[in-house]
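The next block holds one structure in the form of structure tokens; read it before the comments.
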Amino acid sequence: MYPKTRMRRLRATPQIRDMVTEYILTPSNFILPLFVKDGLAEKAAVKSMPGVFQHSLDSLVEECHRASELGVPAVILFGIPQKKDALGSEAYSPEGIIPKAVKKIKEELGERLLVACDVCLCEYTDHGHCAPLVDNCISNDEGVELYKKAAVEYAKAGADIIAPSDMMDGRIGVIRDGLDSEGFIDIIIMSYAVKYASAFYGPFRDAAESGFAAGPTDRMSHQMDYANLSQALREVELDIKEGADIVMIKPALPYLDVISKISGRFSVPVAAYQVSGEYAMIKAASQNGWLDERKIMMESLMAIRRAGATMILTYFACDAAEVLV
Ligand code: PBG
């Protein structure tokens, strides 16, 4: 006999399926990551991330217009300097690539687009690490002081959101104090609170030219071990206490359990970063004809949303917004 309880009643027509829909994706869920390289005359393709570019200032602004027209409310910027040094000084120079880029985007788009700036030194140091090296070790406290300087420079240039991705201890509090003491009390801090030491960042390091050239050969001393979950809760707790407005979890799809736990337990908005390796896997399989790119893109984004992220940083932001509008 057929059971009396039939789940299929609620799946039978497009109308009833729409009526029982629990989660909706909109372009306003997305934040588009963009790379901008100092001195570049024309945009350059990133090989391991088809469809992603290192931008010139002009092509960056074009891409911002495109995102904004599609209803994507925010971009997050990663800078690649012309010169790297041991202390990553281009990251916090007022004439650095990020302040230049923020000013230009704000001149062109003003209030129509929120500009977030990633704060880290790994793109700017000649050794490729997220903080200065002292005795060949990553120096937490020297890093934190420099992130504060960078955050203030980006805020002066007009950034709306500061997004520290370095994973040093205490940086959210120091950055918040730094911003507040310069009068930037309304600048939002979106903390990369739970950032795992992940091999899924591989293609990003091509795009951002942030591979290691000296010192430790991984980021295990500051990014999280993927065997841990309870540390993620502590990281979030600490960052909220220090003043984070939004907490981010990264990567996204392999870490849906973490997103779900954190969004269930804390009341701050949760963001998740669908990282370069997640993007590259979908692109590569699709280019081989093994997966349907459009369908997998939407399914993976919805899964991240369903797990509890209200914001998704994704290289698919414009492509997915095109599907949705
Ligand atoms: C910088 C930073 C990284 C990513 C975002 N910010 C790389 C890293 O920590 O090595 C990765 C993003 C991606 O893979 O798309 N610290």
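The values are calculated or read from the model by the stated rules, or taken from the named source; none is laboratory data. Since this is a predicted model, take the numbers as computed values, not measurements. Heads up, the Cβs are rebuilt from the backbone with ideal geometry, glycines too, and the neighbour counts pull from every protein chain shown. These accessible areas exclude ligands, DNA and RNA; they are computed on the full protein's heavy atoms, side chains included. Shrake-Rupley method; radii C 1.70, N 1.55, O 1.52, S 1.80 Å.
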Requested in this report: Could you pull the Rg and Dmax for the range 139-199, using just the Cα atoms, both in Å?
Outcome: 11.4, 38
Report task. Show which aspartates and glutamates lie in cross-link reach of residue 195 when reach means a straight Cα distance below 13 angstrom and same-chain residues fewer than eight apart are skipped. Result -> 166, 169, 225, 235, 239
Query raised in the report: Any idea what angle helix 230-242 forms with the longest principal axis of the chain, computed on alpha-carbon atoms, 0 to 90 degrees, nearest 10?
Result: 60
**Report entry** Ranked by how many other beta carbons lie within 10 Å on average, peptides 132-138, 94-100 from highest
**Finding:** 94-100, 132-138
Query raised in the report: Got the relative contact order for the range 138-180 handy, in percent, Cα pairs under 8 Å and 6 or more residues apart?
Result: 55
Query raised in the report: Rolling a 1.4 angstrom probe over the protein heavy atoms, how many square angstrom per residue are accessible across the chain?
Result: 46
Report summary line: Here the Cα Rg-to-2.2 N^0.38 Å ratio for the range 107-152 is 1.50
**Report entry** Radius 15 Å from Cβ of residue 282, net charge of other residues (Lys, Arg +1; Asp, Glu -1)
**Finding:** -2
Report summary line: Most packed first (mean Cβ within 10 Å per residue), the peptides 14-20, 260-266 order as 260-266, 14-20
Query raised in the report: What residues qualify as long-range amide H neighbours of residue 196, i.e. H under 5 Å apart, gap of 5 or more or another chain, H built at 1.01 Å from N?
Result: 224, 250
Query raised in the report: Add -39500 (n - 2.57) for each DSSP H run of 4 or more in the chain, then divide by its residues: what number comes out at 222 nm, to the nearest 500 deg cm²/dmol?
Result: -12000 deg cm²/dmol
Report summary line: Cα-Cα longer than 32 Å, checked against 100/261; 84/241; 37/250; 156/250; 83/295; 37/156, kept in input order, equals 100/261; 84/241; 83/295
Report summary line: On the accessible surface of the chain, probed at 1.4 Å with all protein chains in place, carbon and sulfur together account for a percent value of 52
Query raised in the report: Using the eigenvalues of the Cα gyration tensor, what equivalent ellipsoid semi-axes result for the chain when each is taken as the square root of five times the eigenvalue, whole Å, largest first?
Result: 33, 23, 20
Report task. Report the percentage of all Cα-Cα pairs in the range 233-299 whose separation exceeds 19 Å, rounded to a whole percent. Result -> 43
Report summary line: Computed ³J(HN,Hα) along the range 195-201: with the Karplus parameters 6.51/-1.76/1.60, θ = phi - 60°, integer Hz and x for glycine or proline, the list is 10, 7, 6, 10, 6, 5, 8
Report task. First select every other residue whose beta carbon is under 12 angstrom from the beta carbon of residue 259; then total the charges, Lys and Arg +1, Asp and Glu -1. Result -> +4
